[in-house]
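I have placed the structure first, in the form of structure tokens, so that the comments after it can refer back to it.
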Number of protein chains: 2
Amino acid sequence: MNDQTPKPRSRAGGRNARRALRSAPNFEMLPGLENTLPLCEIMSGSQVERIDNASMDILENVGVHFRDPIALADWKRIGAKVVDETVFLDRALVRDLISTIPSDFTYHARDPQKSVRLGGRNSVFVPMTGAPFLRDLDDVRRNPMLDDLAMFHKLSHMMPALHSSAHHIVEPYDHPISQRHLRITYSSMKHSDKMFMGMTTSPKNAEDVMDMCAILFGEDFIDTHPVTTGNINGNSPLVWDETMLGAMRAFSRRNQPVLCSPFVLGGANTPASVAASVAQLNAEALSALAYTQVIRRGAPAIYGHYLSTVSMKSGAPMAGTPEISQMNFMIGQMARYYGVPWRTSNTLGGAKTFDAQAGYESATTLQAVMHAGANYIWHSAGWNEAGMHCSVAKFIVDSEQCAMAYRMAQGLNWDDFDQAIDAVSDIGPGGHYLGHPHTQDNFQTAFFMPELFDNNSIEQWVAEGSIEVTERALNHARKLLSEYQEPKLDIAKDEELRDYIARREREIPAADELNQEY
Amino acid sequence: MNDQTPKPRSRAGGRNARRALRSAPNFEMLPGLENTLPLCEIMSGSQVERIDNASMDILENVGVHFRDPIALADWKRIGAKVVDETVFLDRALVRDLISTIPSDFTYHARDPQKSVRLGGRNSVFVPMTGAPFLRDLDDVRRNPMLDDLAMFHKLSHMMPALHSSAHHIVEPYDHPISQRHLRITYSSMKHSDKMFMGMTTSPKNAEDVMDMCAILFGEDFIDTHPVTTGNINGNSPLVWDETMLGAMRAFSRRNQPVLCSPFVLGGANTPASVAASVAQLNAEALSALAYTQVIRRGAPAIYGHYLSTVSMKSGAPMAGTPEISQMNFMIGQMARYYGVPWRTSNTLGGAKTFDAQAGYESATTLQAVMHAGANYIWHSAGWNEAGMHCSVAKFIVDSEQCAMAYRMAQGLNWDDFDQAIDAVSDIGPGGHYLGHPHTQDNFQTAFFMPELFDNNSIEQWVAEGSIEVTERALNHARKLLSEYQEPKLDIAKDEELRDYIARREREIPAADELNQEY
């Protein structure tokens, strides 16, 4: 029983094959996550109904501003009470409208192998977007250019846990604002064959994105298959503006999903109460979700939100606070109550550098959204400084953290349980398992081994140059980029996309850039 | 409805009182946590039984080494099968023995206001212990001295979320090993009136701790009231040694709780399988828990474990991995299945400095143990470098993170929900809440504002000296220590404790220090 050198069993591959497997870079995308964690539901059924009721009261009695003549006309047309720009939404109308939002659907990627399901327990990780600065490969904070955006699209393509190349991970400053959405969309499409997001910076820009999607996938195909995602931010409390509503119409008309995202700074644009903040946010999300169905019945739409709480000392938004976790748990419950997929924000940091603060904040948020059962897990890589910069180092580490959370949420492997228990008998008290055949066969997959975290002794760490995690991650990013291979894009489609961009760039005045709708 | 300056309501205190409250340091200990989070149970009932069954098979057929003649004699006496040092435990015997372990109990602190309940949904945060190095107030890594230990005991006393001053948070190198347990215990008792841990470095040392507890609380009192905690580490797989078993007897005989802690390096001293690792660990924990009841029926005991997974690249233990989270969820289920309180390890970092790696690892573990519903949440402050050092900076940040997790686990406040919803009507679409009376009344408590995290703009951060979290935390520690007030200790008891230490130090040869039982 104490035999520590049990008989070797025949195994496929053997030691050399395993060693090769261990050192080979693996860029293969993980399939869409099926989250098996028990849902963290912190409200009782009656508390869910209390939120629902408060939200419906708000929609009926306080109303929502739709600052957009077309939306106001649409609401009037279907019988809602409209006073100036305030729309009062009857709960029966809201419930009827949202009832046709699909509870789940499949996102189609350019590589069909990379299509992913969303809704129910199916989740995807999407990198951050919208950073006006980056911390680059030398950890220098500066304005990003199109090449920097391309770099992030390449990294998104290569990090296994990321299911999307998103859109403007960083704002490319070397191209006129008015034409930027074209270059951003092309970069997303070109540098990765994963799914991507579509710019919603104006209704016309959103139409351009739709046209480019139609070129890439075919007009008929996109009319029946989600291929991209637009984000529609609300102005909390209770306002949707013309830019966002126009962009929503461009997407929803063509059956492409939008995130209906109230933008919550808890305590500043919501009451100083977690439960009431969620009730207000829920009313806001419902009003936008309902409008997607006014635009097109049955169009996919996603319950969104951006969550921050505000420091009453400084007015600054905070990340990784307990109330953000609680609100995530609650919003998950509300979205499931309505049968609509939901979006959250992940790995948010408020630190100025990639220090321990960023680590705590990011991991706290990641764990919360996994237990909350979020579906569209946005801002999953790179976000620091309250979104003001995307850090290359953090992008890499966050992506690996998502892979680790993915593993946690996948659940347990019981397949080899009996063999593993036999190993306990083989080894017996006082032995060790390193040489046991079961260990040899399973160590690659049994325990996740992070690439970016150093667990060596301090002596070894010092001998290797005392490299902290930022530098390790930047080295990793450089290595990835040196190994990047652009996924093949059909030449005819590529030409058509370039022609479209060239034509639109002739049509859109670049000089207008400081005065456009963005 | 859009009125942003609603009528002021009369409020207690007013703005100046609130400002004072905001800036006043608050050292008051949080009450023991009643965790309201839904338990994250990743095993079905039948999977729990499968683990139980596998563990019982191991106890019956593989057996456990009790490398201690007294324990072997004890087991023989009550009818267990003993072959050499292997004890084979029948499942009926195990179930009978553990049935008398209290499912919850109260720890009595020197200040009765700081007594805390343990078990069920009641949890406590306890700082790390056992570090051979510290990173000090200048972030310098060096060997600790008794003064450093005192500093950590003072910080434990002052950080609100810590419920214990533990014992040897760091190893004090300026005192002979053989007498160190006396000074450590005295430092814990003297510098804080929270509960503390008791050294188990040898059976005799454990007896000294018990004697000192009897002086502090009274011999009769401790015989019926838990006042301290001893840790009993197993040598996985399936071995308990003489030192640990003798220390356990010292504690259990006098009715003081011990943590029965298999020491798991997943994949090295357990099979390369999460489920089978838990089955082995469970067998180990049960064997020790059962032995506590052989020593004294009804004595409190705690299901323990130390969990790490091992990098198969380097052999190094890892922290914050997905399998550690999963094992925490599972162990929680097993402990509840047996009706025994359980201990876990919190905020473990493997980083060499207080960098982002440490942040991710620590927060991941903290969130996992909260969702797992752990009771005795040990190593909750300071642990980095796989336990090789305790960092002052990390100690402070971890403690605040525990306070944040505490808030999350406390659950929602619904008391002011209707008033907060009224505020939504008051403010209406497009307003802001900062001046609303409900906000003024509730902003202090509605959203947690971390002291240690900087959420200001980068411009403000740079203007204030670009201070990263390590330096901020060290500044905070210095400020705390400058404000420390030693809690009053009864003079007669203090003298008796000092006399006891003086006598024992005469009796215990200091020269023996390199050759003692530690």
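The values are calculated or read from the model by the stated rules, or taken from the named source; none is laboratory data. Note that the structure is predicted; figures quoted are calculated from it, not measured. Here the Cβ positions follow ideal geometry from the backbone for every residue, glycine too, while neighbour counts run over all protein chains shown. To get the accessible areas, we keep the full protein, side chains included, count just its heavy atoms, and leave off ligands, DNA and RNA. Shrake-Rupley method; radii C 1.70, N 1.55, O 1.52, S 1.80 Å.
Each DSSP beta bridge with both residues in the protein assembly as shown is either parallel or antiparallel, and the antiparallel ones are about 40%. Protein heavy-atom surface of segment A:56-159, 1.4 angstrom probe: 50% of the accessible area is carbon and sulfur, with nucleic acids and ligands not counted. In this label model, B:Asp223 and A:Glu451 are separated by 6.4 nm, measuring between points 7 Å along each Cα→Cβ vector.
For B:Ala92 and B:His432, calculate 0.36 nm times their separation in residues minus their Cα-Cα distance, and state this gained length in nm to one decimal.
115.9 nm
For the protein assembly as shown, the share of alpha carbon pairs falling in successive 20 Å distance bins from zero is 13, 43, 33, 11, 1 percent. Legend: calculated FRET efficiency, A:Ser314 to A:Asn26, from the Cβ-Cβ distance at R0 = 41 Å, rounded to 0.05, equals 0.45.
Counting only protein heavy atoms, what percent of the accessible surface of segment B:303-359 is carbon or sulfur at a 1.4 Å probe? Write down the numbers at each step before the final one.
Numbers: 430 of 770 Å².
Carbon plus sulfur share of accessible area: 56 percent.
Across every pair of non-identical alpha carbons in segment B:388-481, the mean reciprocal distance, once inverted, gives a Kirkwood radius of 16.3 Å.
Of the three principal axes defined by the Cα atoms of segment A:275-393, the extents in descending order read 46, 30, 24 Å.
For the rotation taking chain B to chain A, which residue of B has the Cβ nearest the axis, and how many Å away is it? Smallest Cβ distance to the axis, with its residue: B:Gly359, 1. Annotation for segment B:414-518: GluC sites (Glu not before Pro) lying in DSSP loop with at most 12 further Cβ atoms inside 10 Å of their Cβ are B:Glu464.
What is the calculated FRET efficiency for A:Asn143 to B:Leu489, with r their C-beta to C-beta distance and R₀ = 56 Å, to the nearest 0.05?
Taking R0 as 56 Å, the efficiency between A:Asn143 and B:Leu489 is 0.40.
Computed over protein heavy atoms with a 1.4 angstrom probe, the accessible surface ordering of B:Asp220, B:Asp355, largest first, is B:Asp220, B:Asp355. With protein chains left intact and a 1.4 Å probe, residues in chain B average 33 Å² of accessible area per residue. Apply 1/(1 + (r/R0)^6) to the Cβ-Cβ distance of B:Lys81 and A:Glu459, taking R0 = 60 Å, and write down the FRET efficiency to the nearest 0.05. After rounding, the FRET efficiency stands at 0.85.
Apply the Kirkwood formula to chain A: the hydrodynamic radius equals the inverse of the mean of 1/r over all pairs of different alpha-carbon atoms; give it in Å with one decimal. The partial results should precede the final answer.
Values: mean 1/r = 0.0412 Å⁻¹.
One decimal place: 24.3 Å for the Kirkwood radius.
The portion of the accessible surface of segment B:405-518 made up by carbon and sulfur, rounded to a whole percent, is 46 (1.4 Å probe; DNA, RNA and ligands excluded). Once the Cα-Cα distance is subtracted from the 0.36 nm per residue extended length, the A:Ser46 to A:Gln444 segment shows a gain of 138.7 nm.
For segment A:435-469 versus segment A:91-163, the inter-centroid distance based on Cα atoms is 30 Å.
The interface between chain B and chain A buries about 9700 Å² of solvent-accessible area in total (1.4 Å probe, ligands and nucleic acids excluded).
What pairs from A:Lys190/A:Lys479; B:Lys114/B:Lys154; B:Lys190/B:Lys394; A:Lys154/A:Lys190; A:Lys154/A:Lys194; A:Lys154/B:Lys313 go past 19 Å between their alpha carbons? Where the Cα-Cα span goes over 19 Å, the pairs concerned are A:Lys190/A:Lys479; B:Lys190/B:Lys394; A:Lys154/B:Lys313.
Helix-only arithmetic for chain B: the sum of -39500 (n - 2.57) across DSSP H runs with n ≥ 4, divided by the residue total, places the mean residue ellipticity at 222 nm at -14500 deg cm²/dmol.
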